[in-house]
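Quick note: the coordinates plus some simple rules give every number you see, no bench work behind them. Here the structure is a predicted model, which means the values were calculated and not measured. Virtual Cβ from ideal backbone geometry, glycine too; neighbours counted across all protein chains shown.
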Amino acid sequence: MTAFATYTVEKLAGLDAPEGRCFNQVGGLEVATTPQRLADLHRRHGWATARGVPAAVVDPAECARLHPLLDPGQLLGGLHTPTDGLASATRAVVALTARARARGAVFHGSTRVTGIAQAGGRVTGVRTDRGDIPADVVVCCAGFWGRELGRLAGMRVPLLPLAHQYARTGRVEELVGRNGPETEARLPILRHQDADLYFREHDDRIGIGSYAHRPMPVSLSELPETGGTTSESVQPSMLPFTEEDFAGPWEDSRELLPALRSTKVESGFNGVFSFTPDGGPLIGESADVAGFWIAEAVWVTHSAGVARAVAQLLVDGRSELDLHGCDVHRFDEVETTDPFVEETAQRNFVEIYDVLHPLEPRTSPRDLRTSPFHDRQRELGAFFLPAHGWERPHWYEANAALLPELPPDWRAPERDAWSGMFHSPVVAVEAWRTRTAAGLYDMTPLTRIEVAGPGACAFLDRLTTGPMDRSVGSVTYTLMLDDAGGIRSDLTVARLGDELFQVGANGNLDVDRLRRAAAGEPGVSVRDITGGTCCIGVWGPLARDLVQPLTGDDLSHDGLKFFRARSAHIAGIPVTVMRLSYVGELGWEIYTGAEYGRKLWDVLFDAGRPLGAVAAGRAAFNSLRLEKGYRSWGTDMTSEHDPYQAGLGFAVRSKETAFVGRDALAGVGDDTVTRRLTCLTVDDGCSVVLGQEPVLVDGEPAGYVTSAAFAHTLGFPVAYAWLPAGLPVGSPVGIRWFDRTIAATVAAEPLLDPGMTRIRR
């Protein structure tokens, strides 16, 4: 999103329109009136630093110098971003339209879209009240109308139109004479997020935007008709101003800006914005109608950046920026339903300026998707954090009873308030028992895809970096790349039959990609089987002691080697057992049908009690996987990174055989990369960062943290970060954490068990 905004600034700043400039770079100033907000501004300063955006946290006096209408006595500080500014969207449209027309584009103004023509699963044009326009590519950039236009194409667009208040004051004496006819603003955009407000100049008046009101969903059928005529004050997206909703924000405005006490609200309207379930844009092609694309829920801030990304998708087949956080297909089906979208979008409106922790769970809707053993997890006091509707245990309070037994060298130092939020000392117990006995992990939310048919092997062989034509029972860790060699996903592919494969994937994006690739492919079917199955990971040095007595199938090291799978029965329950481990310990992922899930949990849990096994959650899982250096797609690497940069070159087979992305990797290897996913250890032994923080080399920003955790087995925090490839092991670096720098050191990886002896017992 920062890259989108940066490009938009560059684009608009380089445009000229007959009426004047399209971008007024007055800067931006976010102010803090609470200690929590000031701390958050330091965190946001870190994000800006990590992405090359100039910014500085300044004191109240400097805030008042930058914006003289402020009362510095109300402030604790502010974040100043000098490259921020005010876009003139209408001027930009005029300038861009002129450029496009000069290159042959044709515009049909005041034309109502009535339908999306399609045939044979492809878009064929746009139907309008002035006739049909043939097209083999249609990009719907209709803002909050996008949901309705998507329905015309049979595509569900998960956004909700919501009203947002904007008011203008009468004349402010302190502003009289400051601005001229071509410059209606000189002061920075002011954001008072503690009160959900922002401010900008309009000549000698102040415009005030407010999110400090009840969510107001908008029915598109109730929008005013304009007869195709619009102006600054007449637009379908401008609804009547509800004065009663602005009473509190107006008082907050006059407290922050005392100059407003001598004026009043002169005009206002409720404008319509698009909100989505996670607050991000919606970019992508319909899964059912080829050639129908959307770019919706895009604000002016990110407009040109999104436009460039969509253009690159259409022309090059990929965007230079990874778009997985914007792809419309990132949502599972339940997240696109009207009830879910309406509730979550309204919550995002309410929380738009809130200080939110990275792990902050939504309070509703909850319990949409649960594993078959969810009731057992609740009985154990599971603390759940939702993801894509799934309830995922983060830790279990029942394990707190084991805290007195926790050995001293496994006890972690007390965390600071921010990193300690949504954390529990119980996590150390779960990590300890997994490393010394066994842990049971709910892996049900892992997306599982069945790829079957006589063409399945060749299909997967072409799409992935690993060889698929292996014996039945083989399991392969592999990558899906794009044509430029970027990592689109990492997968675990198990060959369960001559024509049957189970793919462990990273979410609905992978389901969408495989389905698209299989369209028209003879002898290949792709099916998401996640909902009808479940999975328990049983890992630890005593895992075999736990599971083997429950089955007549041979689970010895020779009976089922590492990265092999087989059908078996555990306590009479039909299962598929895969000898994999994402925590670096002996064990298996055990799959079964959802109808057997609760029984499987009970059998395994009861058998594990005498051995000291415990149910363990995602927090311990994350700690253990980082000790082993295992990557998480979407967090540690994306399509912006190739396998060698990400330390995954081992997953790329010989480049003599064809696979998607092979040609782009020609000449690329571990010794050619200029940046690398790098393991860091934290020098003070106690500071735990959370991700996205800038990493400094010789005091200068050089990269950013991806994943981090306290490594309970090792007794110190670890982090992974994207950094220059030339940094030798032992190099000192700094991680910017709020308003301080944490010393860290480049380390060789994996930190734990580099010989892989624990996992191959």
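Across segment 597-602, computed HN-Hα scalar couplings (Karplus, 6.51 cos²θ - 1.76 cosθ + 1.60, θ = phi - 60°) run x, 5, 5, 4, 4, 4 Hz from first to last residue, x flagging Gly and Pro.
With a/c under 1.5 counting as rounded, go ahead and sort segment 629-704 into rounded, prolate or oblate using the C-alpha gyration tensor (a ≥ b ≥ c being the square roots of the eigenvalues; past the cut-off, prolate if a/b is larger than b/c, else oblate). Taking the square roots of the gyration eigenvalues as a ≥ b ≥ c, segment 629-704 is prolate. Taking a ≥ b ≥ c as the square roots of the eigenvalues of the alpha-carbon gyration tensor, segment 107-192 is classed prolate because a/c is 1.5 or more and a/b outweighs b/c. Ordering T276, T336 by the number of other Cβ atoms within 10 Å of each residue's own Cβ, fewest first, gives T336, T276. Using only side-chain charges placed at the Cβ, +1 for Lys and Arg and -1 for Asp and Glu, the dipole size of the chain relative to its Cα centre rounds to 1200 debye. Only Cα pairs under 8 Å and 6+ residues apart enter the sum, and on that basis the relative contact order of the chain stands at 11 percent. Rounded to the nearest 0.05, the FRET efficiency derived from the C-beta distance between R760 and D367 at R0 = 41 Å is 0.55. The Cβ shell under 13 Å around E656 holds other residues with a net charge of +2, Lys and Arg each +1, Asp and Glu each -1. Residues S221, S262, S632, S364, arranged from fewest to most other Cβ atoms within 10 angstrom of their Cβ, appear as S221, S364, S262, S632.
For the pair A387 and E182, the difference between a 0.36 nm per residue extended length and the Cα-Cα distance amounts to 68.9 nm.
Taking the square roots of 5 times each eigenvalue of the Cα gyration tensor of segment 496-628, largest first, gives ellipsoid semi-axes of 28, 18, 15 Å.
Stokes-Einstein at 37 °C, 0.692 mPa s, Kirkwood radius from Cα pairs: D for the chain in µm² s⁻¹? Calculated translational D: 115 µm²/s. Here the dipole of segment 383-434 is about 80 debye; that uses its Cα centre as origin and unit charges on the Cβ of Lys and Arg (positive) and Asp and Glu (negative). What is the list of residues in segment 530-570 whose amide nitrogen lies under 16 Å from a point 7 angstrom out from the Cα of D602, following Cα to Cβ? Backbone N within reach: 570.
The angle between the Cα long axis of helix 338-350 and the main principal axis of the chain comes to about 60°, on a 0 to 90 degree scale. Split the chain at each of the GluC sites (Glu not before Pro) in a DSSP loop with at most 11 other beta carbon atoms within 10 Å, and the longest piece is 415-655.
Radius of gyration (Cα atoms) of segment 424-484, expressed as a multiple of 2.2 N^0.38 Å: 1.70. Largest first, the extents of the alpha carbon coordinates of segment 306-443 on the three principal axes equal 60, 33, 31 Å. Converting the Cα gyration tensor eigenvalues of segment 554-628 into ellipsoid dimensions via √(5λ) gives semi-axes, longest first, of 20, 17, 12 Å. Oblate is the label for segment 380-419, because a/c, from the alpha-carbon gyration tensor with a ≥ b ≥ c as root eigenvalues, is 1.5 or above and a/b does not exceed b/c. Expressed in Å, the radius of gyration and Dmax of the Cα atoms of segment 664-761 are 14.4, 46. Residue by residue, segment 148-155 carries 3J(HN,Hα) couplings of 6, 5, x, 5, 4, 9, x, 10 Hz when phi is fed to the Karplus relation 6.51 cos²θ - 1.76 cosθ + 1.60 (θ = phi - 60°); x denotes Gly or Pro.
Each of F501, A247, G617 was scored by the projection of its Cα onto the charge dipole of the chain, and the greatest displacement toward the positive side belongs to F501; charges sit on the C-beta of Lys, Arg, Asp and Glu. Here S110, S424 are placed in order of increasing Cβ neighbour count within 10 Å, fewest first, which gives S110, S424. FRET efficiency for Q36 and V315, Cβ-Cβ distance as r, R0 = 45 Å, nearest 0.05? Given R0 = 45 Å and the Cβ-Cβ separation, E is 0.50. With the alpha-carbon atoms of segment 598-735 aligned to their principal axes, the span from lowest to highest coordinate is 53, 45, 21 Å, starting with the largest. Shown in residue order for segment 482-489 are the 3J(HN,Hα) couplings computed by the Karplus curve 6.51 cos²θ - 1.76 cosθ + 1.60 at θ = phi - 60°: 8, 5, 8, x, x, 7, 7, 5 Hz (x for Gly and Pro). Of the trypsin sites (Lys or Arg not before Pro) found in segment 337-403, the ones in coil according to DSSP and having at most 13 other Cβ atoms within 10 Å of their Cβ are R366.
Which FRET efficiency value, to the nearest 0.05, is calculated for S110 and R151 with the Förster distance at 22 angstrom and r the Cβ-Cβ distance? After rounding, the FRET efficiency stands at 0.45.
Could you give the angle, 0 to 90 degrees to the nearest 10, between helix 303-316's Cα long axis and the longest principal axis of the Cα atoms of the chain? Once rounded, one gets 50 degrees. Each principal axis of segment 485-536 carries a Cα extent, and these read 32, 27, 19 Å when sorted largest first. Looking at segment 59-167, the chymotrypsin sites (Phe, Trp or Tyr not before Pro) that sit in a DSSP loop and have at most 10 other Cβ atoms within 10 Å of their own Cβ are F107.
A viscosity of 1.567 mPa s and a temperature of 4 °C, combined with the Kirkwood radius over Cα pairs in Stokes-Einstein, give a translational diffusion coefficient for segment 437-539 of 92 µm²/s. Take segment 1-159, drop everything but the C-alpha atoms, weight them equally and run the Debye formula without solvent; then report log10 I(q)/I(0) at 0.15, 0.20, 0.21 Å⁻¹ to two decimals. The computed values of log10 I(q)/I(0) come out as -0.95, -1.21, -1.26.
The orientation-averaged projected area of the convex hull spanned by the Cα atoms of segment 452-508 comes to 3.7 nm². Only Cα pairs under 8 Å and 6+ residues apart enter the sum, and on that basis the relative contact order of segment 119-275 stands at 28 percent.
Cα centroid separation, segment 282-357 to segment 200-218: 25 Å. Along the axis of the charge dipole computed for the chain (Cβ charges of +1 for Lys and Arg, -1 for Asp and Glu, origin at the Cα centre), the listed residues P68, V524, L12 are led at the positive end by V524.
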